[in-house]
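Contents: one structure, followed by commentary.
Since every read-out is calculated from the coordinates, none of them should be taken as a lab result. Only a predicted model underlies this, so the values are computations on that prediction, with no experimental measurement involved. Cβ atoms come from the backbone with ideal geometry, glycine included; neighbour counts cover every protein chain shown.
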Amino acid sequence: MRFWFSVSTLIFSLAFTIYGLQTLSLHDINGRPGSGYFPLLIGLGLVIATAINVYKDYHQRLLAEETLQDESVNQRYVKDTFTIAACIALLIFGLNILGAIISMIVFCMAFLAYFNRGKTLQNLVYSLIFPASVFMLFDVWLQAGLPAGLLGTFY
Amino acid sequence: MFFAEILNNLSFGMSVALTTTNLMFLLIGAIVGMIVGLFPGFGPAAGIAILIPLTFGLEPTTAIIMLSGIYYGSMYGGTITSILINTPGESATVASTLDGYPMAQQGRAGPALVMQAIASFVGGTLGVILICGFAPVLAQFASSFGPSEYFLIIMLGLLLLTTMMGDNKLNGIISALFGFAIAMVGVDSVSGAQRFTFGSPELISGIYFVPVAIGLFGIGELLYCIYTGQHKMEKDRVQFNFRSRDFWPTAKDYLTSKFTFIRGSIIGFIAGVLPGSGATIGSILAYSVEKKVAKDPERFGKGEMRGLVAPETANNAASAGAMVPLISLGIPGSGATAVLLGALMMWGLQPGPTLIDANPDLVWGLVASMYMGNMILVALSILAIPLFVKFLDIPYRLVVPVIIILCVIGAYALNNSIIETSMLLFMGLIGFGMKLYGYSPAATVLALVLGGMAESTFLQSLIISQGSLQIFVERPLSLALTLFMVGAIGLSLAFRAYKRYQAKRSN
């Protein structure tokens, strides 16, 4: 996975540099550095650094040597990590559709149903009280204007 | 003269900070910071980033005072876990586990907790006094800086931050360049041209700093904690009695540590002032020095009070020291101060040497609040330890939804933008990958915050010199900074080559 992460950084660097070169001018009409000058330097730096990294990781991969950092992570909870990322996505994309309070309740219920199994009452109380407190804090006290969503018709 | 300036600055700061509202928010910040510090992985940078949205409705001075309370509070809170469960709340408290946990195992958890609070207080207080003395001097010196010196200082800060990354220096450089790349999105301040906006109106004003910081530090850290199974770990904390007479340190504890307080504070402060070094290096350095100067170094690592006092004074003095480049040069030296600077910029304040002159109330109010925050935190740490220890008993799986909801709702509340909130998840995933594979989210945030300034100072330098790079070695200070940078790189390469040579020889 480390190798593929490095590859993605290289792809990003190439895309950043090429897009910058295509859309920005390196010098202005007076011959002074233009809007693309500094981004190009960054892009070139990124391409060189990430390419070296990819080479190093590829070399390591060939030698089938795991790095120390990977070894230190002896317990991997990949499924749990994906579940959390999915729950966060659910919360974010539910904000405008369901509204802040409902999406927070749904998020808490989904999260706790997976990570705190068998404690239905505790999960239910938590899923109602905590989102309500956050809603009060942001919407009422800080007047952040959280989306009402499905509850929009009631207030 | 020097002491008069310290007193003047501190008393002016007190006059700004000593209002009921400011004190109340400082107390809230300190408590929240302590709680944040209790959760492994969540240090000051994550704490400040996650909680910035809570300060939106506040006056800038009050808001920054609350954030400084969080900054200091998380340093205090991080040590409690180091002592009781042998798990540092953040990297700056790693050295505190070396003697703190053995003390707790020997039934001296009470004295360890009280002494860490006192040590933190001493370190923080001395640090604040030194800020009042040094920051104006440095700011005055910095007022003669030209754009080339500024650019070099920014680069030096980033360079030192990346060279402190052990074997992952290249990853540190990539992290910093990635931060610069994000900073390039939006309208170019010189030509007015749109850059990397892909025609989206949402990106014209650039990628906002808050979702990036919350994503990298908050969500990224959280995903990493889950990936490493933090939510499945049983916290086996050392139990102790708060009411027993043994709860307090003995006179011997104070006497043996009397010089440790001073040494730790000075080492920590210097480490904090140096860009990229910070509290982690400061605390480890202070511990090593203390062990070196001790007549009985064999006692270290087995529950020695000096082994706890040294890193604790150092990490708090370093937190204060890290404010010096931020206040005097407008250049943060660590991830946490980068987030603080980002918050300052959010309220329309411009980083740079004029920060002190243009906003003295905010700067000295902030410094004074750090001093008062120390007093509040030492009282809280001693009197409310039973309460904070209770937080350690909350299962991690019940804390996760709190962190996620605060991050997401906080990011949304900023501009009510679903794109910015989605950016949070995207940055969170990147932050997770960075943490997993040894990149530096702190370098990314630092570069993001300083990206605009780095570009403008670099281009100004080139315009002044008509495109010649000689401007970076022409003036004595520029030359010194360039040589220092070259020296730092050379030293780092030489050290690496030496390590390889040693490894080859041992094989």
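For chain B, the longest principal axis of the alpha carbon atoms and the long axis of helix B:418-436 meet at an angle near 60°.
With 25 Å as the limit, the listed pairs B:K232/B:K291; B:K169/B:K504; A:K119/B:K390; B:K291/B:K504; A:K56/B:K169; B:K302/B:K435 have B:K232/B:K291; B:K291/B:K504; B:K302/B:K435 beyond it between alpha carbons.
Below 8 Å between Cα atoms, with a sequence gap of 6+, how large is the relative contact order for chain A in percent?
On the way: 119 pairs, mean separation 27.6, N = 155.
Relative contact order for chain A comes out at 18 percent.
For B:T87, the residues whose modelled amide H falls within less than 5 Å of its own, excluding neighbours fewer than 5 places apart on the same chain, are B:S82. Over all projection directions, the Cα-based convex hull of the protein assembly as shown averages an area of 31.3 nm². Remark on A:H27: its backbone amide H falls under 5 Å from those of A:G34, a criterion applied only to residues 5 or more positions apart or on other chains, H modelled at 1.01 Å from N.
Per-residue ellipticity at 222 nm computed for chain B from its helices equals -23500 deg cm²/dmol, with DSSP H segments shorter than 4 residues left out and the rest contributing -39,500 (n - 2.57). Shielding value for A:47-57 is 3, the average number of Cβ atoms from other chains within 10 Å of each residue's Cβ. The alpha carbon centroids of the range B:61-97 and the range B:381-406 are separated by 13 Å. The simple spin-label model puts a point 7 Å past each Cα toward its Cβ; for B:A358 and A:L62 those points are separated by 5.3 nm. In this simple spin-label model, placing a label point 7 Å from the Cα along the Cα-to-Cβ direction at both B:A193 and B:K499 gives a separation of 4.1 nm. Residue exposure proxy: B:F495, A:F135, B:F209, ordered by other Cβ atoms within 10 angstrom of their Cβ from fewest to most, comes out as B:F495, A:F135, B:F209.
The listed peptides B:144-157, A:26-39, ordered by packing as a protection proxy, come out as B:144-157, A:26-39 (highest mean of other Cβ atoms within 10 Å first). Once the Cα-Cα distance is subtracted from the 0.36 nm per residue extended length, the B:W248 to B:R299 segment shows a gain of 16.3 nm.
Taking each residue of A:88-95 in turn, how many C-beta atoms of other protein chains fall within 10 Å of its C-beta, and what is the average? Could the numbers behind the result be given before it?
Numbers: counts 12, 2, 0, 9, 10, 4, 0, 6.
Averaged over the peptide's residues, the number is 5.
When peptides B:467-478, B:73-84, B:373-384, B:307-318 are sorted by average Cβ neighbour count within 10 Å, with the highest value leading, the order is B:307-318, B:73-84, B:373-384, B:467-478. Entry note, chain A: the mean residue ellipticity at 222 nm calculated from DSSP H runs of n ≥ 4, each adding -39500 (n - 2.57), is -23000 deg cm²/dmol after division by the residues and rounding to the nearest 500.
Hydrodynamic analysis of the range B:406-503 uses the Kirkwood radius over alpha carbon pairs. Inserted into Stokes-Einstein at 4 °C and 1.567 mPa s, it gives a translational diffusion coefficient of 74 µm²/s.
Find the percent of Cα-Cα distances in the range A:74-141 that exceed 13 Å, and round it to a whole number.
Working: 1504 of 2278 pairs.
The answer is 66 percent, as a whole percent.
Of the Cα atoms belonging to chain B, the radius of gyration and Dmax stand at 22.3, 73 Å. The angle between the Cα long axis of helix B:94-105 and the longest principal axis of the Cα atoms of chain B comes to about 10 degrees, rounded to the nearest 10. In chain B, the longest principal axis of the Cα atoms and the axis of helix B:278-293 are about 50 degrees apart.
Of the peptides B:291-299, B:446-454, A:104-112, the ranking by mean beta-carbon count within 10 Å, highest at the top, reads B:446-454, A:104-112, B:291-299.
Averaged over B:415-428, how many beta carbons belonging to a partner chain fall within 10 Å of each residue's beta carbon? Please list the in-between numbers first.
Working: counts 0, 6, 0, 5, 0, 0, 6, 3, 1, 2, 6, 0, 0, 3.
So the per-residue partner count for this stretch is 2.
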